[in-house]
Structures are given as structure tokens and as C-alpha cells.
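Chemist: Below you'll find the structure I mean.
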There are 2 protein chains.
Amino acid sequence: MKHEDINSDFKFNLLKKDKSSNARLGKIFTQRGEVNTPVFMPTGTQATVKALVPERVRELGAEIILSNTYHLYLRPGHEIIRNIGGLHKFMNWDHPILTDSGGFQVYSLGALRKITEEGVMFQSHIDGSKHFISPEIAIEIQEALGSDIMMCFDECTPYPADFDYAKKSLDMTIRWARRCRSAKKNSNQALFGIVQGGVYTDLRKRGVEEITGIGFDGYALGGLSVGEPKEAMREIVEGTTPLLPEDKPRYLMGVGTPEDIVECVGYGIDMFDCVMPTRNARNGMLFTNEGKVVIKNARYRNDDSPLDSLCDCYTCKNYSRAYLRHLFVAKEILANVLNTIHNVRYYVNLMERIREAIKSDNYEAFKKTLNSELRTRN
Amino acid sequence: MKHEDINSDFKFNLLKKDKSSNARLGKIFTQRGEVNTPVFMPTGTQATVKALVPERVRELGAEIILSNTYHLYLRPGHEIIRNIGGLHKFMNWDHPILTDSGGFQVYSLGALRKITEEGVMFQSHIDGSKHFISPEIAIEIQEALGSDIMMCFDECTPYPADFDYAKKSLDMTIRWARRCRSAKKNSNQALFGIVQGGVYTDLRKRGVEEITGIGFDGYALGGLSVGEPKEAMREIVEGTTPLLPEDKPRYLMGVGTPEDIVECVGYGIDMFDCVMPTRNARNGMLFTNEGKVVIKNARYRNDDSPLDSLCDCYTCKNYSRAYLRHLFVAKEILANVLNTIHNVRYYVNLMERIREAIKSDNYEAFKKTLNSELRTRN
């Protein structure tokens, strides 16, 4: 099935494949602009990339952000966002948005949710109120939000899960994917399928066959980075990614560290999201070209050098480590702002470097350089 | 004594006096730029106007900010700021800064401080460590910070205080002012004297005579807005301000509400500072041209109109009340950012309107309009 059958505004061009790895250079076209891949999507859970005005997010080079269906459904409510004119207008971000389906958040609720064939009953983490989300409702919410890329509602298979559970879970996710595909009304929004299957290669393979058989605008690997060993995650991504259609974007959900991103780009992944840069920023853990910096460390008390001498971000251009440490220790809101600016820029810049390396056909060499950079400090 | 004797870079020009009141239009010149008066100085207690990058503060029209000697002395320490190149460089604000002397903060410590002729022994509110600030030390700290306007170290006379206490307190503040004047080394920094005297008109008059007799670049009324009735505050300001030299800026410390500012400009005050716009912003209390808005109110849930239809700030230009309510209820950091932007703009704009009214010689009429605006909502 061609993407035109699903969404006439959405397109993916595979521009180049790296000679030394499975890394790929591509471009996603949406009605709200282009996205160069491999791409990292900063997280805007509650209709804001925490601490940043959207113009700043854009200035940092982000071309697409992720927002969360579960959170926005509960608060402020998707109908309110629809009434205000959709999520883009609501949050003042006129560039592409991908919304997850709520599957992962509902899964994270643990004892507060009950999964049946029909969908998931769950209690709000905010006020304990009871709610029900089915594949059809997840699509309806995402259509109310008006995101550019919607995700199918899936069951995020937990880790550990035995083979039988993982198989049943995968089968239901496949049936739910069909229901999502049928429920979709708005042809201006792309829809991605999600491949589950736990850490079982055979299940992942079956997931790919079934989900690609239904036909979506892009494909995601879900249920990873949920507690399994890093090696298991990488093995599954390495084994599963090449099975996905070459002409559609491939999205590894919820990953991850700079190391994981660099590794998984080498397996052929095009899209990533993770709370790490933004959450770590708020915790004072900053990524730099010389390794991680824990900014509250006393050694930065009197340090007038920039956080990262190679970084071109607003924070690094205008402030000293001593100032950043002061703001963090004094619990100033501006600490969150400046630290988030830097960490998002670090991730966006990492993706720019990754794309440059693929263009120059030396991805494997770049990986080595980067991994040694990441080891420098600590 | 002429200002040239004290600081060759600092100058105040009285441009115009209103015909209908004692309101004055003026301009302060400093080595870091001009300040149009009457002016409101946003508070940057810990070397940041909370939640805002300094470029934003400037864009909102702020020409000078206030920072706190007591806080910066304790954290990160004035020597660190001196080493980094001074407060302006430390916080990336290349425009005028006024630093208070720490007198008011030390006074706020209550039982944690002991006042003697020599100075004040106090315990840090952060870690309980013991410290001593004298007039000489207060000047030394402010010289390390490198502010454009320093304040004399004073005893903020509490309210209530009987006449004898208020008199003793005033006398010590006068002796301390002489010591501050003698301690001052850096001719690039202006120094303002502070008139105390509680709610006693006679003491205030004596304070003015003694402090202006010593000779400073500007004069402040201190010890107001510390719990006394609003009427007492206004009476003292109305009675004392005209006694101050016409050719020096007059600063009413820690005031206040829009109503108080408008009133006290009419008494001849040129400079104000207050945490109200920034603190209220973080508490979701927003000033608008239609009165106060408590943004968490359910009536704004679905309100797609801007916070203040007459406001030109970034927040009002780009976001709905529904979005601002959502951010506030969801405890998002961006709520602090957007609300602070608006409230600071409201105060800066209020001062612009005040200056315009003085220019047009209709300050009394403007006061009526504004007071009726402020009564509209709530």
C-alpha cells in the first residue's frame, strides 16, 4: 500500500544510505513542513516542551516535537484543544507534531489499568477518575488534537514477559492496529503502526509482517527501553529494523541516550524521542561535547568558562558554568530554562552531526569518535 | 553637594513637572544607559528576574532591574561574582542595575539578626551560618557586584515602632549613611541615601535634612510597605517627597501595587521596585487592563481570547487564556515564564502610560481613568 492511499500530505524520501552501516538519510514531508532524518523529537508532554517557548525550540533546530495523547486527553481535555483550534494553535507551534497514542502512558499506570480486547480501563494519575481508551478513541483524540503524525493504540508489552504473554500482547496490538486504521477519518494526519513482540525475535518478525501488511505511513518499534538489558534492546532493533519497508520512516519509541541513538541510527532507525535531554536538564545533568556535566558540582562554583565550549546554543554563548551552577543551587526557574536550551541543542546537534556523517559515508568512523567523546568526562 | 562630586557617570535630568500634581518626568543617565522616570524596576533577587532570560526583560521595556545584596552575598558570594566579571556579566544584563544594601532583607530575618551600632549579626536563611554586615561591608559587597546604583545600609524601622525606637533607628541609619558615604571607593557607581523615620512626619523631615546634608546621588524612602496601613504609607510619602531635592531621583522602596505606584508618582516619586508582578505571575495572579485575572479560575478553561486584549506582550500575542490556565493547572514551568512576561510588561507599560500622562499635563485625569480600570474586574 502506498502512502498516498493513507495521507496525501505525508511523504518520506529516502535520500541516501550509508556505505559502512545501515544508517539512512531521509526527509519527511508534512503539511506543516519538512523533517530531516535521522531526527530527534523533543518531548512536549503537556503541550509544552518543558520550560521553553516554542520559538526557542525551533531556534534550537527542532523540526518536530512529540506530545502525549494520554496527558492531553486528561488535561485540559482534547475537546478543549479542538475548540481552541487544535494543538498547534493551542501551544503556538506551527511545525510538525507527532502524538503518541497513550498506549505507553496507560501501560505505565500499572495497577491502575485493566486491559481487555475492547481497550483499556484506567484511573487518572491526576485525580483517580475512571476512563476508557480504545483504539477508536485513541484515534478520535489524536484527530481532535490535529497532530501531523498519529500513533496506533498498542499494548506496550512489559519486560519481563514470557513468550506466551508477549505473543498474546502482540496479537492484540495487531488487531488494535487494524481498528486504528479503520477508525482514522482525517486524511491530513499520517498514522504510524507500532511493532511489539517483546525481546523475542520471532515475534518481532511476525509483528513486522502483520503491521506492514495493514499498511501505515511509517513504522515504530515499541515496547523497548522498558527495563530490558541494553543489549537485548539493541539486538532487537538491529534484527528488526532491516525487516521494515525501506520507503517508510522507522521510529524507535522512547530511546534514548546519545549512545543508543548513535547505535540505532546505524541499524536503520530514522526517528527518536526521549525525555532524557529535557528531564536531565531540570535535574542539572547536562550533555556536553566533553561528556556529562553535573552542574551542581562544587568544582563549577568559580568556573567562568561556558558549559560547552563547542556548543553554539544561547546558554553556552552567554553564561558561565558558575552562573548555571548558581541558578541550579538557588533553585531558580531560569536554571530549567537555560539547562533545557542546552540539552535540547545538544541532541539536535547530535542529529545534525549524524546526518553529516551519513552524507559523507563515514558513519562507522563517526560512531567511534562520538563514543570516545561520550566517555571523556565522569 | 553636586552629583559630580560623587559619580561622574551618573546624572539625573528633571525634564518636566506635571501641572495638576507633583508628578515628574525625568531621565537618569548611567554608564550603562538611560532610564526614563518614573520607572519600575523588576526584581532580580538572585541575579535573575525569575523565569526570564535578560533579553526578554529588556524586550519588555525594562530599563533597570533591582538585585539583592543580601542574597548574592550569601549565594553564590560576591567574590565569585567579582571574579566572573561583575553582576552584569554574570547574569548577562548589560543595562543598569540597582542593588539594595541588604538592610531590608536582614530586617526581614526577625529573630535571626542582632543589630548593634557597628552593624548587623545575622544567620543565613539558607544554612543558618553566621554573618556580619556593616555599612562598610555592604558597600564593599555592592562594589564587588558592580551595580550602577548602590544603596546605603540602613536599619529598616519596623512597624509598629514607638517614636523613641523610630528616632533611635533613624539616628543610627543616619550615622550608617555617613559611614557608607565614606566607605565608597568606586566612582563609577552611584550611591543613594535612605530616609527612615517610621510613620512619624517629624522624624521623616529630620531624616531628609540629615541624609540630604550628607549628599547622595539620589534619595530613597525606606521602611514603608512593612505592614503599616496604606493610608499611613501614602501620608508619609505625600508629606516627605516634596522635601527631597528636586534635582535628584526619588525612590520609594518596595512599593507596590499599581494603585500605590500611580498615587505615589503623583506625590513626586521617580523610582519603584516590588516583587508583586513577578511573584503574582508565579501564583497565577495576572494584571490586565480589565482588572486582575486569577488564571486557574474554571471560567478560563475554554476561553480562546488573549489574557489582555490591549496588551502587546508576547504572551498576549500568542496564547489563549485556556492555554495559560492549562499550563498553570498542570504546574508547567512555561506558566511561570508566560505569566511573568505579561505581568512585567503590564508594569512597564503602566509606567509608559504614566510618563505619557505627565508629558500631556493631565496626570490627575489619568489617575482617575486608571483607578477605574483597576476596579473593573473582581
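The values are calculated or read from the model by the stated rules, or taken from the named source; none is laboratory data. Computed from a prediction, not measured in an experiment: that's the story for all the values here. A quick note on method: Cβ atoms are made from the backbone with ideal geometry, for glycine too, and the neighbour counts reach across all protein chains shown.
Chemist: Pull up the range A:301-328, narrow it to residues that are farther than 18 Å from B:GLY86 by Cβ and in a helix (DSSP H, G or I), then point me to the one that is nearest to the other protein chains (Cβ to nearest Cβ).
Modeler: Taking the candidates together, the pick is A:TYR314.
Chemist: So, one more: I'm trying to understand the selection: among the residues of the range A:170-201, which are among the charged types (D, E, K, R) and part of a helix (DSSP H, G or I)?
Modeler: Those that are among the charged types (D, E, K, R) and part of a helix (DSSP H, G or I): A:ASP171, A:ARG175, A:ARG178, A:ARG179, A:ARG181.
Chemist: Let me ask something additional. Go through the range B:329-342 residue by residue and tally those that are part of a helix (DSSP H, G or I) and either farther than 19 Å from A:LYS331 by Cα or facing chain A (nearest Cβ under 8 Å) (or both).
Modeler: Residues in the range B:329-342 being part of a helix (DSSP H, G or I) and either farther than 19 Å from A:LYS331 by Cα or facing chain A (nearest Cβ under 8 Å) (or both): 8 in total.
Chemist: Within the range A:23-108, considering only helices (runs of 4 or more DSSP H) that don't extend past its boundaries, which have at least 1 residues that are free of Cβ contacts under 8 Å to residues at least 60 places away in the same chain and in contact with a Lys or Arg (Cβ under 8 Å, 6 or more places away or on another chain)?
Modeler: Details: elements: A:54-59, A:69-74, A:78-84, A:87-91, A:103-108.
Passing ranges, in order: A:78-84, A:87-91, A:103-108.
Chemist: Here's another thing I want to ask about it. So for the range B:288-299 (the condition being within 14 Å of chain A (Cβ to nearest Cβ), in a loop (DSSP other than H, G, I, E, B) and either on the phi > 0 side of the Ramachandran plot or modelled with pLDDT under 95 (or both)), does at least one residue qualify?
Modeler: Among the residues of the range B:288-299, not one is within 14 Å of chain A (Cβ to nearest Cβ), in a loop (DSSP other than H, G, I, E, B) and either on the phi > 0 side of the Ramachandran plot or modelled with pLDDT under 95 (or both), which makes the answer no.
Chemist: Could you say whether any residue in the range B:185-200 is of a type in the set (D, E, K, R) and crowded, with 17+ Cβ neighbours inside 10 Å? Break it down stepwise before answering.
Modeler: Filtering the range B:185-200 for residues of a type in the set (D, E, K, R) gives B:185.
The next check asks that each one be crowded, with 17+ Cβ neighbours inside 10 Å; those that pass are none.
Within the range B:185-200 (the criterion being of a type in the set (D, E, K, R) and crowded, with 17+ Cβ neighbours inside 10 Å), the answer is no, since none of the residues qualifies.
Chemist: Does B:LEU60 satisfy the criteria of being surrounded by 21 or more Cβ atoms within 10 Å (Cβ to Cβ), aliphatic (A, V, I, L, M) and touching a helix residue (DSSP H, G or I) at 6+ places or on another chain (Cβ under 6 Å)?
Modeler: So B:LEU60 fits the description; yes.
Chemist: Looking at the range B:280-319 only, could you name the residues that are basic (Lys, Arg) and either in contact (Cβ under 8 Å) with a residue 60 or more places away in the chain or more than 23 Å from B:GLU59 (Cβ to Cβ) (or both)?
Modeler: Correct list: B:ARG282, B:LYS292, B:LYS296, B:ARG299, B:ARG301.
Chemist: Look at B:LEU370 and say whether it is within 14 Å of chain A (Cβ to nearest Cβ), out of contact with any strand residue (DSSP E or B) (no Cβ under 6 Å at 6 or more places or on another chain) and assigned to a helix (DSSP H, G or I).
Modeler: Answer is no for this residue.
Chemist: Identify all residues within the range A:188-214 that are in contact with a helix residue (DSSP H, G or I) (Cβ under 8 Å, 6 or more places away or on another chain) and under 18 Å from A:ALA138 (Cβ atoms); write none if there are none.
Modeler: Within the range A:188-214, A:GLN189, A:ALA190, A:LEU191, A:GLY193, A:ILE194, A:VAL195, A:GLN196, A:ILE211, A:ILE214 qualify.
Chemist: Residue check: is B:VAL348 more than 13 Å from chain A (Cβ to nearest Cβ), surrounded by fewer than 24 Cβ atoms within 10 Å (Cβ to Cβ), under 26 Å from the mean Cα position of the chain (by Cα) and of a type in the set (A, V, I, L, M, F, W, C)?
Modeler: yes
Chemist: For the subset of the range B:63-102 comprising residues that are among the aromatic types (Phe, Trp, Tyr) and away from every other protein chain (no Cβ under 11 Å), which member is surrounded by the fewest Cβ atoms within 10 Å (Cβ to Cβ)? Talk me through it step by step, then tell me what you get.
Modeler: Applying the first criterion (among the aromatic types (Phe, Trp, Tyr)) to the range B:63-102 yields B:70, B:73, B:90, B:93.
Cutting the leftovers down to away from every other protein chain (no Cβ under 11 Å) gives us B:70, B:73.
Numbers: B:TYR70: 26, B:TYR73: 24.
My answer is B:TYR73.
Chemist: Hey, A:ASP162 hits all of (1) surrounded by 23 or more Cβ atoms within 10 Å (Cβ to Cβ); (2) free of Cβ contacts under 8 Å to residues at least 24 places away in the same chain but one; which does it fall short on?
Modeler: All conditions pass for A:ASP162, except number (1).
Chemist: For the range A:128-142, indicate whether the set of residues that are out of contact with any strand residue (DSSP E or B) (no Cβ under 9 Å at 6 or more places or on another chain) and surrounded by 24 or more Cβ atoms within 10 Å (Cβ to Cβ) is non-empty.
Modeler: yes
Chemist: Moving on. If you take the residues in the range A:294-320 that are under 28 Å from the mean Cα position of the chain (by Cα) and among the polar types (S, T, N, Q), which one is surrounded by the fewest Cβ atoms within 10 Å (Cβ to Cβ)?
Modeler: A:SER309
Chemist: Within the bounds of the range B:27-44, is there any residue that is more than 14 Å from chain A (Cβ to nearest Cβ), of a type in the set (Gly, Ala, Ser) and in contact with a His (Cβ under 8 Å, 6 or more places away or on another chain)?
Modeler: yes
Chemist: Taking the range B:109-123 on its own, how many of its residues are in a loop (DSSP other than H, G, I, E, B), surrounded by fewer than 16 Cβ atoms within 10 Å (Cβ to Cβ) and over 23 Å from the mean Cα position of the chain (by Cα)?
Modeler: 3
Chemist: Checking A:THR340 against (1) under 27 Å from B:GLY85 (Cα atoms); (2) touching a Gly at 6+ places or on another chain (Cβ under 9 Å), only one condition comes out false. Which one?
Modeler: Among (1) under 27 Å from B:GLY85 (Cα atoms); (2) touching a Gly at 6+ places or on another chain (Cβ under 9 Å), A:THR340 violates only (2).
Chemist: Right, next: Test A:ARG353 against the stated conditions and say whether it is within 30 Å of B:GLY86 (Cβ to Cβ), in contact with a Leu (Cβ under 8 Å, 6 or more places away or on another chain) and either within 14 Å of chain B (Cβ to nearest Cβ) or in a helix (DSSP H, G or I) (or both). Reasoning before the result, please.
Modeler: Values: within 30 Å of B:GLY86 (Cβ to Cβ): no; in contact with a Leu (Cβ under 8 Å, 6 or more places away or on another chain): yes; either within 14 Å of chain B (Cβ to nearest Cβ) or in a helix (DSSP H, G or I) (or both): yes.
Considered against the rule, which asks whether it is within 30 Å of B:GLY86 (Cβ to Cβ), in contact with a Leu (Cβ under 8 Å, 6 or more places away or on another chain) and either within 14 Å of chain B (Cβ to nearest Cβ) or in a helix (DSSP H, G or I) (or both), A:ARG353 comes out as no.
Chemist: Related question: For A:ILE358, which of the numbered conditions (1) within 12 Å of chain B (Cβ to nearest Cβ); (2) over 18 Å from the mean Cα position of the chain (by Cα); (3) of a type outside the set (Gly, Ala, Ser) fails to hold?
Modeler: Checking A:ILE358 against (1) within 12 Å of chain B (Cβ to nearest Cβ); (2) over 18 Å from the mean Cα position of the chain (by Cα); (3) of a type outside the set (Gly, Ala, Ser), the one that fails is (1).
Chemist: Another question about this same structure. Restricting attention to the range B:234-254, which residues are touching a Cys at 6+ places or on another chain (Cβ under 7 Å) and of a type in the set (A, V, I, L, M, F, W, C)?
Modeler: Passing the criteria: B:VAL237, B:LEU252.
Chemist: Look through the range B:269-293, keep the residues that are over 23 Å from B:PHE104 (Cα atoms) and in contact with a strand residue (DSSP E or B) (Cβ under 7 Å, 6 or more places away or on another chain), and return whichever of them is surrounded by the fewest Cβ atoms within 10 Å (Cβ to Cβ).
Modeler: B:LYS292
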